[in-house]
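Below is one structure, written out as structure tokens, with a few remarks after it.
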Amino acid sequence: MPAGRFVLLDVALAQDAEIELPAEVAHQVRDVLRASLGDTIHLLDGRGATYPAEVVALDRRHVVVRVGSPRVRTADFPVRFVLCQGMLKATKFEWVLQKATELGVSAIQPLLTERAVAATEMTGEARQRRWQRILAEALEQCGGDRLPELGTPRPMMHALAQMPPGALALFPWEVADASPLRATLGEAVAERGGAHAIAEVRIFIGPEGGFSAGEAALAQRHGALLVTLGSRILRAETAALVAITLALDAFGALDAAPMR
Ligand code: SAM
């Protein structure tokens with residue numbers, strides 16, 4: 001079967017059950033993934049469980065699968081990685097949603113910041129549904145186990161004030177004469193006694209117009225660590241990818257051999 005054999009199916013699944021797939025999922029399996037009778041697909045519940053499922057019946061109207069024994073992962077990584085992303089133009093923001101999901105962030109919190117792009121495009125429920133679909137498609141493509149939690153756009157203050165115990169906040173700011181992200185992260189982890197003491201790494205990335213000095217000062221007052229991503233000014237979407245990758249790698253989260 002071609003790559004991308006993972007399908008998100010948010011229904012209660014039981015081993016050895018034979019289930020008829022909902023119409024839109026049946027279409028995806030039959031017409032997009034081009035599954036055949038006897039093929040195995042992998043059903044994701046989006047909350048950590050993956051079920052191999054054999055296609056036992058398939059025609060133009062129905063696809064029935066027999067559910068196998070699940071593989072459940074308590075968490076993708078030992079640490080939660082949360083991206084707090086300043087609002088960007090729609091296509092850029094959606095690109096960040098997709099890449100952050102592929103990389104395995106636990107949550108994405110859109111930020112309303114002083115210089116964020118006015119949300120002129122789709123807003124409210126319709127936009128959240130579109131964003132959720134982007135997360136789901138990215139999870140199916142990469143075979144991840146957990147959908148990132150997706151917040152609704154909130155002021156940055158909210159993301160700073162809501163930091164859980166054991167959280168570590170990184171604030172990449174191209175204006176600051178700060179230490180590199182990896183070095184800063186390594187020092188912070190050592191100061192706290194080791195990686196086990198870190199429950200969450202929260203990464204703040206600004207909008208196209210960047211963070212203001214006032215926002216950087218506010219973040220520092222809440223314990224966020226200013227870091228640099230190098231001497232070049234990266235686009236927000238590039239910065240998000242770089243910061244997430246550096247943080248994941250610092251915790252060995254990119255070392256895991258594929259568990260498929
Ligand atoms: N002030 C920038 C400019 O002059 O174009 C715009 C900000 S940049 C496009 C968007 C965000 O990416 C920044 O708010 C920051 O979070 C991050 N960023 C980009 N380059 C960075 C760097 N070299 N070091 C740290 N953060 C960076």
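Condition first: touching a residue at least 24 places away in the same chain (Cβ under 8 Å), aromatic (Phe, Trp, Tyr) and either touching a Pro at 6+ places or on another chain (Cβ under 7 Å) or within 7 Å of the ligand (Cβ to nearest atom) (or both). Can you find one or more residues in region 164-172 that meet it?
Our first condition is that a residue be touching a residue at least 24 places away in the same chain (Cβ under 8 Å); within region 164-172, this holds for 164-172.
When the remaining residues are screened for being aromatic (Phe, Trp, Tyr), the result is 171.
Adding the requirement that they be either touching a Pro at 6+ places or on another chain (Cβ under 7 Å) or within 7 Å of the ligand (Cβ to nearest atom) (or both) leaves none.
No, because not a single residue in region 164-172 is touching a residue at least 24 places away in the same chain (Cβ under 8 Å), aromatic (Phe, Trp, Tyr) and either touching a Pro at 6+ places or on another chain (Cβ under 7 Å) or within 7 Å of the ligand (Cβ to nearest atom) (or both).
With the requirement that a residue be buried (at least 16 other Cβ atoms within 10 Å of the Cβ) and more than 7 Å from the ligand (Cβ to nearest atom), what does region 203-219 give you?
Residues of region 203-219 buried (at least 16 other Cβ atoms within 10 Å of the Cβ): 203-207, 210-211, 215-216, 218-219.
Passing the criteria: ILE203, GLU215, ALA216, LEU218, ALA219.
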**OP:** Check ALA243, ALA213 and return the single one that is of a type in the set (A, V, I, L, M) and closer than 18 Å to ARG115 by Cβ.
**Re:** ALA213
**OP:** Can you confirm whether region 185-205 contains a residue that is free of Cβ contacts under 8 Å to residues at least 60 places away in the same chain, of a type outside the set (Gly, Ala, Ser) and part of a loop (DSSP other than H, G, I, E, B)?
**Re:** yes
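Read-outs: derived from the displayed coordinates by stated rules, not from any lab. Quick caveat, the model's predicted, so the values are computed rather than measured. Glycine also receives a Cβ, built like all others from the backbone with ideal geometry; neighbour counts cover every protein chain displayed.
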